[in-house]
Amino acid sequence: MARKKDKKNGKGSAGQNRKSSEDFITKYQQKADVISTDSGLMYRVIDETDERRHPTFQDSVEVHQRILLTDGKVIADTYKTNSSEKFSVEEAIDGLTEGLQYMALGERYEFVIPADLAWGKKGNRSKIGPNAVLVIDIRLIDIF
């Protein structure tokens, strides 16, 4: 009976996350407007601008973002809280570091970040489990 004490925290096990992530990626890749990079990052452009400024690895950015797991569980949502986030591009997870550099100021993208470009086999020991793919809806508000 002691095994019944397993906590349900939504993170999932490494095996569960790997399988659901593979299924999600396979389905996502079939969308017509998805762009895939050599690293495995996938994205869709939601809103484009005529702006020419793109962040570089050395820049910091201000963004609004909604971070979800492939099951739809929301990890963070600055759109909802109306509280943007500021951080340096180089400090972000690898998939976001890569993706931000494709974006121009004011644009909104949806990134699907494979586990190896996110929190990997260990997760972040909080809300993101091992082998979890992240879906990030992000708008680039400022570059500094």
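The values are calculated or read from the model by the stated rules, or taken from the named source; none is laboratory data. Worth saying up front: this structure is predicted, and the values here are computed from it rather than measured. Note: ideal-geometry Cβ built from the backbone for every residue, glycine included; neighbour counts use all protein chains shown.
Just one of the listed residues (Gln58, Gln65) is in contact (Cβ under 8 Å) with a residue 12 or more places away in the chain and surrounded by 13 or more Cβ atoms within 10 Å (Cβ to Cβ), and it is Gln65.
State whether the residues of the range 72-82 include one that is exposed (fewer than 15 other Cβ atoms within 10 Å of the Cβ) and aliphatic (A, V, I, L, M). Within the range 72-82 (the criterion being exposed (fewer than 15 other Cβ atoms within 10 Å of the Cβ) and aliphatic (A, V, I, L, M)), the answer is yes, since at least one residue qualifies. For the range 74-104, the tally of residues that are in a loop (DSSP other than H, G, I, E, B), more than 25 Å from Thr26 (Cα to Cα) and touching a strand residue (DSSP E or B) at 6+ places or on another chain (Cβ under 6 Å) stands at 1. Looking across the range 45-55, the residues that are assigned to a loop (DSSP other than H, G, I, E, B) and surrounded by fewer than 13 Cβ atoms within 10 Å (Cβ to Cβ) come down to Glu48, Asp50, Arg52.
For the range 57-77, which residues satisfy the criterion of being among the charged types (D, E, K, R) and closer than 16 Å to Ala104 by Cβ?
To start, the set of residues in the range 57-77 that are among the charged types (D, E, K, R) comprises 59, 62, 66, 71, 73, 77.
If the condition is that a residue be among the charged types (D, E, K, R) and closer than 16 Å to Ala104 by Cβ, then Asp59, Glu62 are the ones that fit.
Scoring Ile128 on the criteria (1) modelled with pLDDT of 95 or more; (2) under 13 Å from the mean Cα position of the chain (by Cα) leaves a single failure, condition (1).
The number of residues in the range 10-44 being among the basic types (Lys, Arg) and at pLDDT 90 or above comes to 3. Pairing residues of the range 105-132 that are at positive phi with residues that are in a strand (DSSP E or B), at Cβ distances under 9 Å and at least 6 apart in sequence or on separate chains, gives Gly106/Asp47; Gly106/Arg139; Gly106/Leu140; Gly106/Ile141. Within the bounds of the range 121-131, is there any residue that is closer than 25 Å to Glu51 by Cβ and aliphatic (A, V, I, L, M)? No, every residue in the range 121-131 fails to be closer than 25 Å to Glu51 by Cβ and aliphatic (A, V, I, L, M). For the range 95-126, a residue qualifies if it is closer than 23 Å to Ser20 by Cα and surrounded by fewer than 17 Cβ atoms within 10 Å (Cβ to Cβ), and the qualifying residues are Asp116, Gly120, Lys121, Lys122, Asn124, Arg125, Ser126.
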